[in-house]
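Participant: This structure is in structure tokens; I'll ask about it shortly.
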Amino acid sequence: MTILYSFRRCPYAIRARYTLALLEERVELREVVLKNKPAALLSLGGRSTVPQLIDHGDRYEESKDIIFWAIDKATQLGGHRSSLATQLWPNNPVLREHIERWIEENDNEFKAWLDKYKYADRFPENPEVFYRRKGEHFLSKLETQLSQSSFILGKEMTLADVAIFPFIRQFAGVNTVWFESCGYPHLKLWLARFLESSLFLVVMKKYPQWVEGQEEIFFP
């Protein structure tokens, strides 16, 4: 059985679980408490971050690795799951390049400002609003893009949307009063499409901390 070590609120884990749920790739879910990581995860050696996926001895240590594992599996199966996989990761090399650029900016630039905004007390050299405004540069880019289409790269959801929305969700959650009163109407509508979906309820279902020997929990 394929095993997924996950942490419910982690945006990297959310985007991995969302892809797995969307493509109907069933795994054994092991919910991790970060302050008390299980010996089974630690014994793998190397990185002990989540999410991580173990598939018959093969190890996928990052969310993007897990996402592409799921896309490859769905593509091989054919049918509607293959069509969804192609929608997420189109065959068009230009679209793929755009998707990669959006994800790279999210992961390498926006995420850094998000962390400082969320934990501003750990970075007292600047006030919280400074970090928020830095993060807003990315929000503004998304707003401009989403004012032209329902999703980041057009009428259909791609991997860019799936990979980025959990981080925008986290940014919005730092100060919900500010986010609800700020601009970005197209961004808010886009985010709501994910957060109010039935699939997101599946992705965010709460599970107890996994312990060795317990009954298996399958996801989705």
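Participant: Of the numbered conditions (1) under 26 Å from Ala21 (Cα atoms); (2) at pLDDT below 95, Gly183 fails exactly one; give the number of that condition.
Facilitator: (1)
Participant: Take Gln214 and tell me if it is part of a loop (DSSP other than H, G, I, E, B) and more than 25 Å from Leu20 (Cβ to Cβ). Working first, answer last.
Facilitator: Working: part of a loop (DSSP other than H, G, I, E, B): yes; more than 25 Å from Leu20 (Cβ to Cβ): no.
Taking the combined requirement at face value, the residue does not satisfy it.
Participant: Which condition breaks for Lys116 when tested against (1) within 20 Å of the chain's Cα centre (by Cα); (2) under 22 Å from Pro90 (Cα atoms)?
Facilitator: (2)
Participant: Moving on. Residue by residue through segment 97-129, note down the ones that are in contact (Cβ under 8 Å) with a residue 60 or more places away in the chain and open to solvent by 70 Å² or more (accessible area, probe 1.4 Å).
Facilitator: His98, the sole residue that qualifies.
Participant: Report whether or not Leu187 is in contact with an Asp or Glu (Cβ under 7 Å, 6 or more places away or on another chain), outside any loop (DSSP other than H, G, I, E, B) and either farther than 25 Å from Ile66 by Cα or open to solvent by 10 Å² or more (accessible area, probe 1.4 Å) (or both). Step through it out loud before you land on a result.
Facilitator: On the way: in contact with an Asp or Glu (Cβ under 7 Å, 6 or more places away or on another chain): yes; outside any loop (DSSP other than H, G, I, E, B): yes; either farther than 25 Å from Ile66 by Cα or open to solvent by 10 Å² or more (accessible area, probe 1.4 Å) (or both): yes.
Yes, satisfied.
Participant: Here's a follow-up. Can you tell me which residue is least open to solvent (accessible area, probe 1.4 Å) among those in segment 190-211 that are outside any helix (DSSP H, G or I) and of a type in the set (D, E, K, R)? Break it down stepwise before answering.
Facilitator: Going through segment 190-211, the residues outside any helix (DSSP H, G or I) turn out to be 196-197, 204-211.
Filter once more, so that each one left must be of a type in the set (D, E, K, R): 196, 205-206.
On the way: Glu196: 152, Lys205: 116, Lys206: 150 Å².
That would be Lys205.
Participant: Where the second residue is at pLDDT 95 or above and polar (S, T, N, Q) and the first is within 16 Å of Arg15 (Cβ to Cβ) and part of a helix (DSSP H, G or I) and lies in segment 164-183, which pairs have Cβ atoms under 6 Å and are six or more apart or on separate chains?
Facilitator: As it stands, the answer is Ile164/Asn106; Phe167/Asn106, since those pairs meet every condition given.
Participant: Another one. Output the residues belonging to segment 130-160 that are part of a loop (DSSP other than H, G, I, E, B) and open to solvent by less than 20 Å² (accessible area, probe 1.4 Å).
Facilitator: Of all residues in segment 130-160, those part of a loop (DSSP other than H, G, I, E, B) come to 147-150, 152-153, 155-158.
Scanning segment 130-160 gives Ile152, Thr158.
The values are calculated or read from the model by the stated rules, or taken from the named source; none is laboratory data. All of these numbers come straight from a predicted model, not from anything done at the bench. Every residue, glycine among them, receives a Cβ derived from its backbone with ideal geometry; neighbour counts consider all protein chains shown. With ligands, DNA and RNA removed, areas are computed over all heavy atoms of the protein, side chains included. Shrake-Rupley method; radii C 1.70, N 1.55, O 1.52, S 1.80 Å.
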